[in-house]
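Contents: one structure, followed by commentary.
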Amino acid sequence: MSLFQSLGRKALFSLDPETAHGVSITALKAGLLPPCPAVNDPRLAVELAGLEFPNPVGLAAGYDKNAEVPDAVLKLGFGFTEIGTITPRPQPGNPKPRLFRLVEERGVINRLGFNNEGHAAALNRLEARRGRPGIVGVNIGANKDSEDFVADYMKGVQAFAHLASYFTVNISSPNTPGLRNLQAGEALERLLGEVFEARSKTSRQPPVFLKLAPDLDTAAVKEIAKVINRSELDGVMVSNTTLSRHGVEHHRHAGEAGGLSGRPLFERSTIMLARFREAIDTRFPLIGIGGVGDREAAWAKFEAGASLVQLYSCMVFEGPQIARSICKDLVTRMDRDGVSSIGEITGRKTAKWAARHLEE
């Protein structure tokens with residue numbers, strides 16, 4: 001880590017996490033961060049769902065909630081970025097404090113609750129960047145007090161279909177009461193049916209990914225997989241944050257409500273990724289999320305079954321150069337191991353990861 005990055009992290013960590021997040025967004029808007037040009041190596045490119053990703057490392061939803069800095073994020077060396085989660089109406093989220101760092105464990109607990117400025121604000125910003133290069137996905141969700149969660153997802157598709165590189169249907173956040181119930185068989189079937197019905201009526205039809213939770217038992221995985229296999233989905237994201245506190249039980253913030261992310265989520269999310277890789281048809285690519293903070297974590301996600309990876313929490317600890325650093329190290333390992341593409345290693349250790357014991 002450079003002196004600049006070290007001093008920057010020290011300054012940010014002197015602030016409460018949510019204030020620090022706002023400061024980092026402001027810095028990106030103002031162009032105050034040094035450039036991190038992308039690693040240009042054709043072996044890093046991935047074609048998925050009709051999109052050509054220049055590298056497989058993306059920024060997950062949760063950072064750029066309101067589509068304020070997608071182009072600045074892409075200039076940090078990410079192969080793609082995702083805005084949101086966006087709900088139809090603005091909502092403040094849960095009461096503060098609602099974001100907690102677990103510094104030594106490289107983890108974060110949040111119970112933000114889809115705090116965002118709503119469709120209209122994000123739409124205006126994405127309209128302003130129309131025509132610029134780069135893959136920018138839109139993560140859609142439901143308002144906490146909505147009378148019909150499914151209708152909110154339909155509104156998201158209708159609002160952003162002409163601008164989104166892809167959609168992520170986020171039904172896996174633990175911080176909106178009742179949301180994870182949409183992962184159940186019949187509820188999920190109805191949701192996806194309505195989402196694709198809404199998409200069929202738009203002039204442009206972006207790919208749709210489904211984002212799942214890591215807190216699923218074997219029966220739930222099988223039930224969800226059956227629905228996915230009958231669906232029009234273009235891919236599946238595994239996973240969102242976890243309610244488990246395994247590995248951080250004794251931390252002073254372990255008792256805080258909310259989802260745990262970052263390094264403590266890595267093993268659980270990777271096991272779940274592999275189990276879904278075994279359970280769903282190979283025509284559905286997977287995006288691995290959870291604890292991706294370096295090359296080894298990204299490589300493990302690929303071997304477990306991912307074609308792409310996303311990160312967010314680990315950037316809090318490793319700094320804005322993380323995507324470039326991971327890509328550079330991936331190239332080094334590809335040179336060493338004689339690997340010609342990410343696809344060459346995708347899924348080659350799925351069975352081993354799927355067989356691992358999942359701690360509660």
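Limited to segment 160-185, what total is found for residues that are among the small types (Gly, Ala, Ser), without any contact (Cβ under 8 Å) to a residue 60 or more places away in the chain and surrounded by fewer than 21 Cβ atoms within 10 Å (Cβ to Cβ)?
4
Write out, first by first residue and then by second, each pair whose Cβ atoms fall under 6 Å of each other, whose residues are 6+ apart or on separate chains, and whose first residue, in segment 109-122, is at pLDDT 95 or above while the second is aromatic (Phe, Trp, Tyr) and surrounded by fewer than 24 Cβ atoms within 10 Å (Cβ to Cβ).
Cβ pairs passing all conditions: Ile109/Phe100.
Can you tell which of Gly58, Gly62, Gly22 is under 27 Å from Leu260 (Cβ atoms) and loosely packed, with under 15 Cβ neighbours inside 10 Å?
Gly22
Looking only at strands (runs of 3 or more DSSP E) that lie completely in segment 8-125, which have at least 1 residues being farther than 30 Å from Gly343 by Cβ, among the basic types (Lys, Arg) and touching a helix residue (DSSP H, G or I) at 6+ places or on another chain (Cβ under 6 Å)?
Correct list: 99-102.
Any chance you could count how many residues in segment 245-263 are touching a strand residue (DSSP E or B) at 6+ places or on another chain (Cβ under 7 Å) and on the phi < 0 side of the Ramachandran plot?
At the first step, the residues of segment 245-263 found to be touching a strand residue (DSSP E or B) at 6+ places or on another chain (Cβ under 7 Å) are 245, 248, 251, 253, 256, 258-263.
Going one step further and asking which of them are on the phi < 0 side of the Ramachandran plot, we end up with 245, 248, 251, 253, 256, 259-261, 263.
Final tally of qualifying residues: 9.
Looking at segment 46-55, which of its residues are without any contact (Cβ under 8 Å) to a residue 60 or more places away in the chain and surrounded by 15 or more Cβ atoms within 10 Å (Cβ to Cβ)?
The answer is Pro54, and nothing else.
Got a number for residues in segment 126-155 being assigned to a loop (DSSP other than H, G, I, E, B), within 24 Å of Phe196 (Cβ to Cβ) and in contact (Cβ under 8 Å) with a residue 60 or more places away in the chain?
Total meeting the criteria: 1.
Yes or no, residue by residue, for (1) under 29 Å from Tyr63 (Cα atoms); (2) assigned to a helix (DSSP H, G or I); (3) touching a Pro at 6+ places or on another chain (Cβ under 7 Å); (4) polar (S, T, N, Q):
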| position | (1), (2), (3), (4) |
| --- | --- |
| Cys327 | yes, yes, no, no |
| Val331 | yes, yes, no, no |
| Gly347 | yes, no, no, no |
| Ala351 | no, yes, no, no |
| Glu359 | yes, no, no, no |
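Limited to segment 207-231, what total is found for residues that are surrounded by 22 or more Cβ atoms within 10 Å (Cβ to Cβ), of a type outside the set (Val, Ile, Thr) and more than 18 Å from Pro174 (Cα to Cα)?
1
Hey, does segment 126-145 have a residue that's basic (Lys, Arg), within 21 Å of Val248 (Cβ to Cβ) and touching a strand residue (DSSP E or B) at 6+ places or on another chain (Cβ under 8 Å)? Steps first, please.
Step one: filter segment 126-145 for residues basic (Lys, Arg), giving 129-130, 132, 144.
So of that shortlist, the ones also within 21 Å of Val248 (Cβ to Cβ) come out as none.
The answer is no, given that none of the residues of segment 126-145 is basic (Lys, Arg), within 21 Å of Val248 (Cβ to Cβ) and touching a strand residue (DSSP E or B) at 6+ places or on another chain (Cβ under 8 Å).
What single numbered condition from (1) touching a Phe, Trp or Tyr at 6+ places or on another chain (Cβ under 8 Å); (2) of a type outside the set (A, V, I, L, M); (3) crowded, with 20+ Cβ neighbours inside 10 Å fails to hold for Lys301?
So the condition that Lys301 fails would be (1).
The values are calculated or read from the model by the stated rules, or taken from the named source; none is laboratory data. Owing to the predicted nature of the structure, the values given are computational and were not obtained by experimental measurement. Backbone-built Cβ (ideal geometry, glycine too); neighbour counts: all protein chains shown.
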